[in-house]
1. For residue 58 paired with residue 33, estimate the spin-label separation in nm (one decimal), with each label point 7 Å from Cα along the Cα-to-Cβ line.
2. Just to verify a number: FRET efficiency for residue 67 and residue 43, C-beta to C-beta distance, R0 = 25 Å, to 0.05?
């Protein structure tokens, strides 16, 4: 009787351990490639979203090309230093 319980307990533990071992297996290279491409496309989308911050290029008479920002006030806010207030 003891032997039957031991064998059945070992069988249960072995059958439960199989799915856990399957999860430890390395990912499929194709899946990893798709995941990498997805992350790259997300980064590229963020980069392309930042492009509309500039107006179309303008060429001066002397040949200079000027590309203006659409939001120049943001640049001015960054340049202006914040003055420290004193209590004198």
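Quick note: the coordinates plus some simple rules give every number you see, no bench work behind them. The shown structure was predicted, so the numbers you read here are calculated from the model rather than taken from an experiment. Counting neighbours? That spans all protein chains shown, and the Cβs are built from the backbone with ideal geometry, glycine included.
1. Reported label-point gap for residue 58 and residue 33 is 4.8 nm.
2. Numbers: r = 23 Å, r/R0 = 0.92.
Efficiency for this residue pair is about 0.65.
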